[in-house]
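Below: the structure, in structure tokens.
Where a number appears in this text, it was derived from the coordinates with a stated rule and is not lab data. Please read these numbers as outputs of a predicted model, since none were measured by experiment. In this analysis, Cβ positions are derived from the backbone assuming ideal geometry, glycine residues included, and neighbour counts consider all displayed protein chains.
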Amino acid sequence: MKKFIYLFCLLVMQAMTIAAHKISGRLVDNNESSALIGASIALKDQFGTLIMGATTDEKGNFVISDVKDGNYTLILSYIGYEKQTLSLVNLNNHLPLGEIKMKATSTVLEEVKVTGQAIIHKTDRQMIMPTESQKKYANNGIDLLQRMQITGLTVHPLNKTVSTTFGENVQFRINGVEVSKEEIQSIRPADIIRIEYHDNPSLRYAGAAGVLDYIVKRKEHGGYVSINIEQGVNRLGYGNYNLSGKYYYNRSSFSIAASMERRDLEWNRENTETFIYSNHTLINKEIGSPTPIEYSRLNLSATYNYTNDKKSLLSITFRNKRNDTPHGFGDRNSKLYQEDKEYHIVDRSDETSNIPSIDFYYQMNLKNNQHLYFDLVGTYLNSDYSRIYSMTEAGNTPIEIFSKTEGKKYSLIGEAIYERPLGKGKFSSGLKHTQSYMNNQYDGNINNQVTMNTAETYIFTEYQRNIGKWGYTLGIGGTRTYYKQKDASQEKYIFRPTLSLSYKPSDRIFLKYNAYLSGYAPSLSDLSDVEQGMDTYQVRRGNPHLKNVTYFSNRLTAGWNTRLVSMELSARYSYDHKPIMEETLYENGKFIRTTNNQKGLHRLNIQTNIKLQPWKEYLSISLQPFFNRYISQGNTYTHTHSNWGFQGNAFAMYKNWMLIFQMNTSYHYLQGETIQKGESIHMLGAGYNKGRWSIQAFVINPFTNDYHQEVVNLSQLASNRQYAYTDVLNRLFMVNLSFNFGFGKQQKDSKKRINNSDNDTGILSGSK
């Protein structure tokens with residue numbers, strides 16, 4: 001009997017041992033070795049039946065307990081990374097898998113529902129997965145940015161422009177392809193898998209301040225139609241309209257997008273000018289009356305894509321941008337008071353432009369995770385600009401300045417990029433060449449023809465690697481610029497080395513530093529050897545002798561995050577050596593406004609980003625205080641300026657309802673002798689979403705009586721202060737209607753990595 005009991009206990013213990021196996025491991029990023037939090041672990045038997053599952057903790061660890069002997073399949077998956085499948089044959093003991101490296105996907109993922117916003121910090125970018133609720137309450141790709149409150153970005157609530165919190169414009173991309181803001185506004189939020197924000201762009205992006213890459217999914221069959229209308233209620237002259245559609249058939253896809261931005265408003269202008277002559281001082285005080293500002297901007301695009309499994313991608317895109325501005329922002333109708341005299345000022349401009357382009361793109365995915373990208377863009381720019389300036393004293397003949405410009409420009413942009421793994425890092429190299437020809441005919445008070453041939457070649461090589469908690473990027477690039485105008489020509493070279501370092505001691509803390517030396521060439525309009533009259537006192541003049549500028553920038557960023565609070569502190573110092581900035585001369589009784597290579601421009605920008613999520617994803621608050629300091633050193637002047645400010649927004653949602661509030665104080669810029677002071681603006685909105693349609697209502701500046709912008713020029717010869725304001729954009733009520741209809745199955749899509757465009761007409765304007 002004792003032997004039987006002993007044998008029974010032994011069998012029980014053996015059975016318990018068999019049933020007590022554990023499978024454990026830790027999931028990390030393949031490059032940065034950072035923990036992947038919330039990854040899914042699925043254990044299936046030999047018949048494919050799910051036995052049990054788990055998720056990784058804050059350190060990326062997972063444990064599956066009570067696994068019996070047998071054959072299993074372990075599936076590891078995480079958003080933004082390639083799925084891994086491990087075969088477990090004859091499992092009969094504990095299985096510590098150790099550190100498992102997950103590789104970021106090179107293709108667009110299928111739709112995955114995200115219940116909490118996930119952020120993956122890379123050396124050069126953030127990978128942010130929007131939640132289902134955030135996508136539900138957004139009408140397009142720009143709206144989604146407002147809902148996500150991405151650290152380091154600011155979305156203007158009125159004109160929907162996107163900039164870094166340092167005030168610089170960002171570059172937009174869809175699956176790696178550079179696109180316009182209007183094309184981003186045509187994206188359905190439901191199709192967005194993630195947004196990659198390159199807050200430290202590599203040399204691959206040729207000097208962009210920031211890059212927003214929308215990773216979107218595609219379908220195998222069917223497609224969608226999307227309509228979005230934003231219209232002012234009490235101001236009918238304000239409207240934004242978007243229509244887009246896409247159709248998929250097997251490996252092919254066809255898409256069209258049309259967007260229109262329309263403004264028909266009124267602005268008042270005040271202008272105070274002080275002109276210092278050798279023997280006297282002249283002060284002009286200008287008081288404006290309401291003056292129309294009217295424009296419409298129409299953007300059209302049509303794209304065909306063909307994907308050969310995962311081997312290649314062919315994309316052909318036709319785009320056309322049309323701008324019609326019968327009343328420009330600088331137009332004015334005003335009274336000019338000059339000592340004991342009074343004049344009537346009329347300043348009217350009319351501008352149209354049409355820019356068609358064709359884009360051919362080809363991508364090859366080679367063995368061993370190698371990639372080749374080719375892009376060729378041809379553009380034709382056709383523009384017409386006219387301006388009439390009239391200054392009339394009662395009883396006297398008006399003094400008039402008339403100018404008219406017909407501009408034509410042809411450009412061809414070609415780019416090739418090669419990427420491959422190298423050792424435990426990533427190597428990339430590329431070449432980009434731009435060739436253009438410009439022919440601008442100036443008529444009116446002057447008669448001149450400006451023809452110019454320009455070329456720019458850019459080449460870069462870059463290597464990125466992570467070692468434990470550290471990551472680094474080393475790169476070197478160079479640019480050759482060439483232009484020829486009449487008998488004059490210039491050839492210049494720009495050297496572009498870059499260094500980036502990152503340190504991530506834990507999953508909650510990160511530290512980044514980047515520094516680079518770069519440069520930029522003068523614009524075509526600055527290089528033009530033409531003069532345009534501004535008024536009876538001033539002339540705008542180009543300078544064909546301008547040289548390239550050397551630019552240095554470095555930035556230090558520290559971040560800390562928890563489930564409820566995330567903070568980021570960033571400080572940047574940048575310096576332009578011999579920058580192209582304004583200078584004012586006095587010649588033959590006229591004040592000449594021109595540009596020249598000045599001594600230097602210093603910028604110090606400090607900002608703090610604080611994000612609070614006190615109530616899960618139902619309430620999110622973002623706060624961004626900032627400080628700017630500028631030192632502008634000209635050949636004959638030195639100016640300094642400091643600017644404190646604040647940006648913030650709050651977003652709340654519950655069931656089908658949402659509420660949003662945003663406030664931005666004025667952001668200032670000093671360059672040369674001019675301080676630009678942006679507007680202060682706030683917005684309050686609410687919305688309701690129901691399936692395929694949504695309605696939202698907003699009010700702009702509900703608590704102020706004045707919406708204004710200000711420009712101050714500090715010249716010792718000819719200073720001025722321009723103050724523009726309107727009551728049209730105060731308590732502006734808007735309604736946004738959105739409708740989306742989609743059909744078809746989901747399919748992965750290859751990323752188009754490069755695209756180029758040309759929008760520089762090279763026209764020198766005489767307007768103030």
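The table below lists the values:
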| item | result |
| --- | --- |
| Eligible aspartates and glutamates near LYS335 by straight Cα distance, threshold 13 Å, same-chain separation 8 or greater | GLU270, GLU286, ASP347, GLU393 |
| Cα point-scatterer Debye curve for the stretch 118-216, base-10 log of I(q)/I(0) at q = 0.25 Å⁻¹ | -1.61 |
| Options MET129, ILE187, GLY167, ranked by Cα towards positive dipole end of the stretch 118-216, top entry (Cβ charges) | MET129 |
| Length-normalised contact order for the stretch 195-322 - Cα pairs under 8 Å, 6+ apart - percent | 17 percent |
| Net charge contributed by nearby residues that have their C-beta within less than 11 Å of GLU568 (K/R +1, D/E -1) | +1 |
| Positive dipole terminus of the chain, leading residue within LEU737, SER390, ASN200 (C-beta point charges) | ASN200 |
| Whole-number D in µm²/s for the chain (Stokes-Einstein; Kirkwood sum over Cα pairs; 10 °C, 1.306 mPa s) | 55 µm²/s |
| The stretch 118-216, relative contact order [Cα under 8 Å, separation at least 6], % | 32 percent |
| Extended-chain gain in nm, criterion 0.36 nm per residue less alpha-carbon gap, GLU393 and GLN441 | 14.1 nm |
| Volume in Å³ per residue [convex hull over Cα atoms, computed for the stretch 547-627] | 134 Å³ |
| The chain: angle of helix 2-18 to the longest principal axis, Cα-based, in degrees nearest 10 | 20 degrees |
| Relative contact order of the chain, defined on C-alpha pairs under 8 angstrom at six or more residues apart (%) | 11 percent |
| Aspartates and glutamates with Cα under 18 Å of LYS59, excluding same-chain neighbours fewer than 8 positions away | ASP29, GLU32, GLU99, ASP507 |
| DSSP bridge orientation in the stretch 118-216 - percent antiparallel, rounded to nearest 5 | 85 percent |
| Pairwise centroid distance, computed over Cα atoms, of the stretch 404-439 with the stretch 327-378, Å | 20 Å |
| Which of TYR472, TYR483, ASN139, positive extreme of dipole for the chain (C-beta unit charges) | TYR472 |
| Spatially proximal aspartates and glutamates relative to LYS486 (Cα-Cα < 12 Å; intrachain offsets below 8 disregarded) | ASP529 |
| 21 Å Cα cut-off, lysine pairs counted over the stretch 118-216 (separation 8 or more, or different chains) | 5 |
| Cβ-placed point charges (K, R +1; D, E -1), dipole of the chain about Cα centre in debye, nearest 20 | 3440 debye |
| Equivalent ellipsoid dimensions for the stretch 182-274 as semi-axes, Å, which come from the Cα gyration tensor, largest first | 34, 24, 10 |
| Euclidean distance of C-alpha centroids, the stretch 707-731 and the stretch 652-667, integer Å | 29 Å |
| Part-to-part distance (alpha-carbon centres) for the stretch 580-639 and the stretch 119-198, which is given in Å | 24 Å |
